[in-house]
1. For a Förster distance of 35 Å, can you work out the FRET efficiency between the beta-carbons of B:Leu83 and B:Asn123, rounded to the nearest 0.05?
2. Report, in order of residue number, the helices in chain B meeting two criteria: a C-alpha extent of 27 Å or more along the helix axis, and a mean Kyte-Doolittle hydropathy of at least 0.0; treat each whole DSSP H run as one helix.
3. Taking Cα pairs under 8 Å and at least six residues apart, what relative contact order does chain B come out at, in percent?
4. How much of the accessible area of the range B:7-163, probe 1.4 Å, is carbon plus sulfur, in whole percent?
5. List the residues whose amide H sits under 5 Å from the amide H of B:Leu60, counting only those 5 or more places along or on another chain, with H placed 1.01 Å from N in the peptide plane.
6. Specify which residue in the list B:Trp89, B:Leu38, B:Phe79 is farthest towards the positive end of the charge dipole of the range B:1-95, using unit charges on the beta carbon of Lys, Arg (+1) and Asp, Glu (-1), about the Cα centre.
7. Mind checking how much accessible area B and A bury in total, 1.4 Å probe, in Å² rounded to 100?
8. How large is the accessible surface per residue of the range B:7-163, computed with a 1.4 Å probe and reported in Å² as a whole number?
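The values are calculated or read from the model by the stated rules, or taken from the named source; none is laboratory data. A quick note: this is a predicted structure, and the numbers were derived from the prediction, not measured. Backbone-built Cβ (ideal geometry, glycine too); neighbour counts: all protein chains shown. All accessible areas refer to the heavy atoms of the entire protein, side chains included, with ligands and DNA or RNA removed. Shrake-Rupley method; radii C 1.70, N 1.55, O 1.52, S 1.80 Å.
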Amino acid sequence: MEKRQPEYFVPALIGGALMGAVSAIPFINCLCCLWAVAGAMFSFYLLNQKTSFPLKLSDGLLVGALAGVCGGLINALLEIPLSPINIRIVQRYINSVSRFMKELPPGWEELLQINYQGLDLPSVLLSVLFSSLFFAFFGAIGGLIGYSLFKKEPRKEVKDETQLPQNPGDSQSGF
Amino acid sequence: MRIKFSGFFWWLITSLTSGTLLAGIFLAPILPTRWPALSAFIYALYAPLCHQQRSRSFYLAGQQLAVCSRCSGIYAGFFLCALFYPLYWKKLKNWLEQRPLLMVFSALPMVIDFSINILGLWNSPLFIKSLTGFIWSSFLPFYWFKALQELGTGSPQKRLDLQK
């Protein structure tokens, strides 16, 4: 019997790119792990669309985790150019808010004094590694949830009620 | 060749990983006095997956935890439920595993609380935020382990039951 194996890579890459990119955008990333979970759910949805046979719960876990790894890598790479921009956006936001509010959360002044320090290779590699681990964890959860929402029910075999004639000659209408 | 992992192996790996992730949340606020760089690194690790707003976080030793109260609940719920997974009643596990949509329904308290907060109808206390996260994530290990067992043994029938 032929062993059927779904192709995880392309759906995982698409879902991972989505979760990694959205999680890196300031203000949109305020929804915590939602984007990681949603990206992995989307990966499972794509995999389900692409695959002709019913998928298993473990397929959800695998495609979600793989999407998480891709998402973590993409997020960490996007963070490199976005970090100085993010700091500037947050500082500008706090500056404008401070004009209208009398009381701001403790520590807001420290945020205004932060300067972009640049990056060193070991910390980038470590953050890529851990970021992938975090995203893989939440991605796997997203893949499981994707399975619960989008899974195909196994097709029930329909009984063929038209009986084949035992003798080929029987099916031909006689004159 | 296919390597087969036992249920105990997956339980150990899951408990260790989720325990480490949970420990990191509490480690970050303890470290700044001795190792400020390490503490900042831990905060940065959790940053892509949490907004880390001060007003929505629990505090330890005068510093905020590495994630917000809801995320703290999510990490704690997953870890605790995974840790005690072998002790749960087998019938309960079977019942839950047959109903994967519970992963979605268990998120409803979290979604409702989030919606009420974002609409400005109510500013729920941190404990409620944490509890809604805890409720959702405590359902997840049942499906997590089922999926891992499908992967490890190729059969979803072999279950992790240390109480036998």
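1. E(calc), rounded to 0.05, equals 0.60.
2. Values: long enough: B:7-30 (34 Å, 1.51); B:126-153 (41 Å, 0.70).
Length and hydropathy pass: B:7-30, B:126-153.
3. 29 percent
4. 72 percent
5. B:Leu65
6. So the residue furthest toward the plus end is B:Trp89.
7. Details: alone 9960 and 12660 Å², together 19730 Å².
Counting protein atoms only, the buried area is about 2900 Å².
8. 48 Å²
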